[in-house]
Structures are given as structure tokens and as C-alpha cells.
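Peer 1: Next up is a structure, given as C-alpha cells.
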Amino acid sequence: VEIDAASNNGVEEVRNLIEKVKYAPIKGKYKVYIIDEVHMMSTGAFNALLKTIEEPPAHVIFILATTEPHKVIPTIISRCQRFDFTKLSVWEMERHIKKILHQENITCDDEVIRMISQLADGGMRDALSILDQCIAYAQNNIKIHHVNEIYGITTMREKLELFSFVYQKDVHLLLDKVKRMIEKGIDIKRLTFDMIEILKESIIYDYTKDTDLLKLLNEKEVGILHHKSIDDRLSMIDTLMDTYDKYRFAANVGAYFEVCLLKMLENNTEAVSVSFEGMDDLPTEEIFD
């Protein structure tokens, strides 16, 4: 029996539940009550449930599910076995998505699988929901531009090109690129967050040289970002984080983002040339007309 605590969170609902718990199951050995979003229950409801949780009938099992265990009162938690379900790694999600695509005979670019796994942020259910939308949109041949069109996000190559224009202090190409992104309806807030994560990963790799710590980038992509010192990249992270925080007050997010990039240009000590040579495994979609 599943109970949604978000809409059944009062003392009266708990009393009705306790009344039903007394009766043995008609089929099977146990009655299993799953209380979802249990942190939404009121303190009174928790207290009403406490006695039953302490001494449940032999035929009853309670499963309390929550994403915010700190909101469940200690007297309840102390009487439960706790199981924490952690996020899946990108690699684990990629492997499972490939298995599903193979079984369903659907052709899909590797970059698409990588993008879906990153968007899902550790949740396999979210990854499958995103995959379902992509299949509905693109049918049996999913390309990276389909994901971009559905979710208003950029490819890794486009993000790295933004960094390359900043590194080269090429204002014309940089602003032209941003203009095209805004016209395409790209989610600028998401792009800003992604750029912070990319710079962070490049710095972590600089310190560790451990590819296992890379979740967004591969070794070749990290190489493009190494044309700037760690200090310069940390300065860029500060600028991006400051801008991201100010988006909530912005009437025009695109303008804030452009100013952010111009600040990054100014804070860079000198222009450096960035080459994409040897990056053939990145998506090669046409960036400019």
C-alpha cells in the first residue's frame, strides 16, 4: 500500500492508517506500507505514528521514503533501519542507456548518451525520461542537436569554443557566438553553471592528473583549457559564480552573460592561441554560417 505523505500528512490520516494496520493481509505474509515523502508529515502525525512504528504488528512492514531525512523527527529515525541511495556515476548510466538502446534497436550518438547521463545528474529514472523524450522527438536516430533543441543546451565543443575565444581575447567571435546561442534559445543559466563545472574539473585534473575524477571532460578536452594558468581559471570561476548569483535580479540574462565574458577577457593576463587540432572526436556540427 503506497501512501503519499505530501497530501496525507495530518493526524486524522495517520489514525485511519493505524486502524487498517491491525488487520492481517488476505494474501501473502506481510502488509507493506510505503509512505512516500514522509518528511512532509506534521509533527502531530509523526507522534501519532510513533507507537505503531515502535511496536508494529508481526504482519506489517513500514517503508518510509524521503529525499530530506533531516526533516524526519529523531524519534522516528532511531526506530528505523536507514538505507541511503546514492547517485549513479555517469559511467554506470551510460552503460545502462547503451544496453536499452541496443535492445530497442535505436541508433544514438555516443555524445548524446554522454549528454543525457550528465543532464540526469545521477538519477537513472531522470535519464530514462530524457531518453524517452529524445526518442519521441527524433525517432530511431538520435543526434546531439536533437538533445540541444529539446533542452536548450550547448554541446561540449561549443562551450570549449567560448573558452577559446576568451583565451584568444577575440571579442568579435565571442559576442557573435553568444548572440547565436541566445537566438537559438540556449539556457544561459545552465551554460554558466556548466562553464563553472568545466573549469573546476580542469583545475582538479591539473592537481591530480587522474582521469577517473573527470565527469564532464575527457583528457583531450582538458588539454584545451590548460592554455591558461590555474590562477586565471580560478579568476574566471569567480566571475562566472558572481554572475550566476546575480541572474535572479536580471531582466536580461543574456546581457549579464555577455558582460561576464567581457570581464573574463579583461582579467586574463594575455591572449593565447587555442587549437582544436586532434579533437576530431568532438561533435563537428557547423558552428558558423
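The values are calculated or read from the model by the stated rules, or taken from the named source; none is laboratory data. No experiment lies behind these values; they were computed from the predicted model shown. Every residue, glycine as well, gets a Cβ built from its backbone with ideal geometry; the counts of neighbours run over all protein chains shown. With ligands, DNA and RNA removed, areas are computed over all heavy atoms of the protein, side chains included. Shrake-Rupley method; radii C 1.70, N 1.55, O 1.52, S 1.80 Å.
Peer 1: Taking only C-alpha pairs under 8 Å that are 6+ residues apart, what is the relative contact order of the chain in percent? Please report the intermediate quantities before stating the final value.
Peer 2: On the way: 293 pairs, mean separation 38.2, N = 289.
Reported relative contact order: 13 percent.
Peer 1: Considering only TYR205, LEU217, LEU175, whose Cα is most displaced toward the positive end of the charge dipole of region 147-231, charges sitting on Cβ of Lys, Arg (+1) and Asp, Glu (-1)?
Peer 2: LEU175
Peer 1: Could you give the longest part of the chain that holds none of the GluC sites (Glu not before Pro) found in DSSP loops with at most 15 neighbouring Cβ atoms within 10 Å? Provide the component values of the computation, followed by the final result.
Peer 2: Details: sites that count: GLU104, GLU270, GLU277, GLU285, GLU286.
Looking at the chain, 105-269 is the longest stretch - no exposed GluC sites (Glu not before Pro) with at most 15 other Cβ atoms within 10 Å.
Peer 1: Would you work out which of GLY44, ALA65, PHE83 lies farthest towards the positive end of the dipole of region 4-111? Charges go on Cβ: Lys and Arg +1, Asp and Glu -1.
Peer 2: GLY44
Peer 1: Looking at the chain, which longest stretch skips every one of the trypsin sites (Lys or Arg not before Pro) that is in a DSSP loop with at most 16 other Cβ atoms within 10 Å, leaving the sites themselves out? Before the final figure, lay out the partial values.
Peer 2: On the way: sites that count: LYS22, LYS27, LYS29, ARG79, ARG82, LYS87, LYS169, LYS184, LYS209, LYS215.
Result for the longest clean stretch: 88-168.
Peer 1: Right, here's the next one. Comparing ASP110, ASP126, ASP245, which has the greatest mean-square fluctuation in the GNM of the chain with Cα pairs linked when under 10 Å apart?
Peer 2: Comparing ASP110, ASP126, ASP245 in the GNM, the peak value goes to ASP245.
Peer 1: Averaged per residue, what accessible area in Å² does the chain show with a 1.4 Å probe, protein chains only?
Peer 2: Working: 16660 Å² over 289 residues.
Normalised by residue count, the accessible surface of the chain is 58 Å².
Peer 1: If you don't mind, there's one more thing I want to ask. How much length is gained if the chain between ASP176 and LYS27 is pulled fully straight, taking 0.36 nm per residue apart and subtracting their Cα-Cα distance, in nm to one decimal?
Peer 2: Numbers: separation 149, 0.36 × 149 = 53.64 nm, distance 6.73 nm.
The ASP176-LYS27 span can extend by a further 46.9 nm.
Peer 1: When a/c reaches 1.5 or more, the comparison of a/b and b/c decides; with that in mind, is region 1-85 rounded, prolate or oblate per its Cα gyration tensor? Provide the component values of the computation, followed by the final result.
Peer 2: On the way: a/c = 1.60, a/b = 1.35, b/c = 1.19.
Verdict is prolate for region 1-85.
Peer 1: Carbon and sulfur together cover what percent of the accessible area of the chain at a 1.4 Å probe radius? Intermediate values should be presented prior to the final figure.
Peer 2: Numbers: 8530 of 16660 Å².
Here carbon and sulfur together make up 51 percent of the probe-accessible area.
Peer 1: Given the options GLY44, GLY152, GLY122, which has the most mean-square fluctuation in a GNM of the chain, springs set between C-alpha atoms less than 10 angstrom apart?
Peer 2: Maximum among the listed residues: GLY44.
Peer 1: While we're looking at this one, here's another question. May I ask you to derive the FRET efficiency for ASP126 and ILE63 from their Cβ-Cβ distance with R0 = 25 Å, giving the value to the nearest 0.05? Intermediate values should be presented prior to the final figure.
Peer 2: Working: r = 22 Å, r/R0 = 0.87.
My answer for the efficiency is 0.70.
Peer 1: Oh, and also: For the chain, which span is the longest to avoid every loop-located (per DSSP) member of chymotrypsin sites (Phe, Trp or Tyr not before Pro) having at most 12 other Cβ atoms inside 10 Å?
Peer 2: Details: sites that count: TYR23, TYR30, PHE83, PHE85, PHE288.
The reported range is 86-287.
Peer 1: When only Cα pairs under 8 Å and 6 or more residues apart are kept, what is the percent relative contact order across region 1-80? Write out the running numbers ahead of the final one.
Peer 2: Values: 105 pairs, mean separation 30.1, N = 80.
Rounded, it is 38 percent for region 1-80.
Peer 1: Continuing with this model, one more query. Which FRET efficiency value, to the nearest 0.05, is calculated for GLU12 and PHE83 with the Förster distance at 35 angstrom and r the Cβ-Cβ distance? Before the final figure, lay out each step's value.
Peer 2: On the way: r = 30 Å, r/R0 = 0.84.
FRET efficiency, GLU12 to PHE83: 0.75.
Peer 1: While we're here: More than 26 Å apart: what percent of Cα pairs in the chain qualify? Intermediate values should be presented prior to the final figure.
Peer 2: Values: 24400 of 41616 pairs.
Value for the chain (Cα pairs over 26 Å): 59 percent.
Peer 1: When a/c is below 1.5 the answer is rounded, else prolate if a/b is larger than b/c, else oblate, so apply that to region 47-189 with a ≥ b ≥ c taken from the square roots of the Cα gyration tensor eigenvalues.
Peer 2: prolate
Peer 1: I would also like to ask the following. By how many degrees, 0 to 90 and rounded to 10, does the Cα axis of helix 230-246 deviate from the longest principal axis of the chain?
Peer 2: 60
Peer 1: I need the shape label for region 122-190. Rule: rounded when a/c is under 1.5, else prolate if a/b > b/c, else oblate, with a, b, c from the alpha carbon gyration tensor. Before the final figure, lay out the partial values.
Peer 2: Numbers: a/c = 2.79, a/b = 2.28, b/c = 1.22.
Prolate is the answer for region 122-190, as a/c is 1.5 or above and a/b outweighs b/c.
Peer 1: Three principal axis extents, largest first, for the C-alpha atoms of region 96-149, in Å?
Peer 2: Principal axes ranked by extent give 25, 25, 18 Å for the Cα atoms.
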